[in-house]
Amino acid sequence: MRRAFAIVIILGLTLCACETVQWPPWQPKVPPPPPELAEDLEQEAAPPAEPAAVPEEGLQLASDQRFPDVPLPVDIKESEKTYVYQSSALRIGRMVYSSRATVNQLAQFYIRECPAADWELKTLVQAEGAELKFTKGAEQLIVRIRDLGVTRGREFELHLTPAESGQ
């Protein structure tokens, strides 16, 4: 045990010493430029600053939804368990979908997209899946996400109902 420890210590010291050794040894060491010249060189070498186009991470928003203000991610499959009722005064729905996305990806999608549609996140519970509750005016949207296993993916339900009284 002591022998292995000694070898590890020697190896570590050797690697630290390698940082200070100039390699290859036949090339001359170039001293850094004086500070006033270094600033001029940095300004000349620096490319003009342009904003980088960073693609948005996570699931993307689908172009078609049951309700225009209830976001749905792309690449989902609707279940036959879905029911929706909409009139001029009332919207109710239990929309059931399956997805290959992870529970976390689906939860992050709703955390990101619902506020963009004026839904306010009220609660978030993560235990054996996730449950998110949003409110908007006199309505509430509850998102329940369950993991069905590696082969079956995830199932998520959207419950759109009138908001509970007393809120």
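Table for the structure above
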item: Contour excess over end-to-end distance, with Cα ends at E80 and A62 and 0.36 nm allotted per residue; result: 4.6 nm
item: Over the stretch 100-167, relative contact order from alpha-carbon pairs under 8 Å, at least 6 apart, %; result: 27 percent
item: Peptides 113-124, 136-147 ordered by average Cβ neighbours within 10 Å, highest first; result: 136-147, 113-124
item: Shape category assigned to the stretch 76-162 from the gyration tensor of Cα positions, a/c cut at 1.5; result: oblate
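Only the coordinates and a few stated rules stand behind these numbers; no lab work does. Every value quoted in this text rests on a predicted model; they were computed, and no experiment measured them. Counting neighbours? That spans all protein chains shown, and the Cβs are built from the backbone with ideal geometry, glycine included.
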